[in-house]
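Structure first, commentary second.
No value in this document is a laboratory result; all are computed from the given coordinates. Bear in mind the structure is a predicted one, so any value in this text is a computation, not a measurement. Here the Cβ is made from the backbone with ideal geometry for all residues, glycine too, and neighbour counts use every protein chain on show.
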Amino acid sequence: MNTSNLFAKNFKKYEIILASLLVIIIVIFLSIYLLLPNFDKVQQIFLQQSKVGKKLQELKKKETILVSLDQTEYKDNFTKIKQILPPDKDYVSLFTMFDNLQSVTGITIIRTDFQLGTISTGSANKTQGPGKNIYNLPISFAILGSYRQFQNFISLLSSFSGRIVSIKSIQWDYKSEDLINASFTGYAFYSPLPSSIGAIDTPLPIIDKNGQDLMSKIANLPEVKNEIIDGSIVTGKNDLFRQ
């Protein structure tokens, strides 16, 4: 019996077994090739569901915190914060603050230098201040008055009665209790508002005890009242030649 006949005889003998093995191999190959990517997709879906579930829990916690806040209180405080820490380079409020301090304390302000080019020019370089998104405005000024007026001036300057001001140096000439000449250098500050409010799942800022104490002080500040011009007042004629 030659080799070919022997092979044919053995093939017929094990034909069913070989065919079954071939089918099993094909099924396994197709399962791996076609189903394995689907298993990866299913796993990714489960992971995404887990992340979404955690994010939903965080959003519910955030919602609970936001609902518990007093909207009116924070709205009023925001207005007062803009009074002492404006969002732009507002030098008008600096003049107003020093005018008020001079009027209340009786001190005489003999010189002010707010570097108006730096303050009023939008393209000027920003100098980083003491906190995130807070920038410096260099200022210097000189006052003349009595010792009592000097005390009251310093007290009001640091009492959130106007802009937040940090004094870097003081040079003073004590002539008598009724006559003190002092020169100050320091910084006022401003903080631009963010260009966006962030994503909905952005964590809320944490207000520590110092922040809470500061918020309490700000809440006790007097309200800012803007004068409104009555539009009913006649300011002139539309026709210059009309009697």
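Side notes on the structure shown:
- Modelled FRET efficiency - R0 35 Å, Leu36 with Glu15, Cβ distances, 0.05 increments: 0.65
- A convex hull fitted around the alpha carbon atoms of the range 84-193 yields 89 Å³ per residue.
- The protection proxy used here, the mean number of other Cβ atoms lying within 10 Å of each residue, ranks peptides 90-100, 134-144 as follows, highest first: 134-144, 90-100.
- Fewest-first ordering of Ser20, Ser195 by other beta carbons within 10 Å of each residue's beta carbon gives Ser195, Ser20.
- Filter on Lys61/Lys132; Lys89/Lys209; Lys80/Lys217 - keep pairs with C-alpha separation over 21 Å: Lys61/Lys132; Lys89/Lys209
- Cα→Cβ-extended label distance, 7 Å offset, between Thr202 and Asn133, nm: 0.6
- The modelled label-to-label distance between Thr185 and Ser159, using points 7 Å beyond Cα along the C-beta direction, is 2.9 nm.
- You can think of it this way: the chain between Leu69 and Ile26 has 9.0 nm of extra reach, that is 0.36 nm per residue less the Cα-Cα gap.
- For Trp172, the residues whose modelled amide H falls within less than 5 Å of its own, excluding neighbours fewer than 5 places apart on the same chain, are Ser183.
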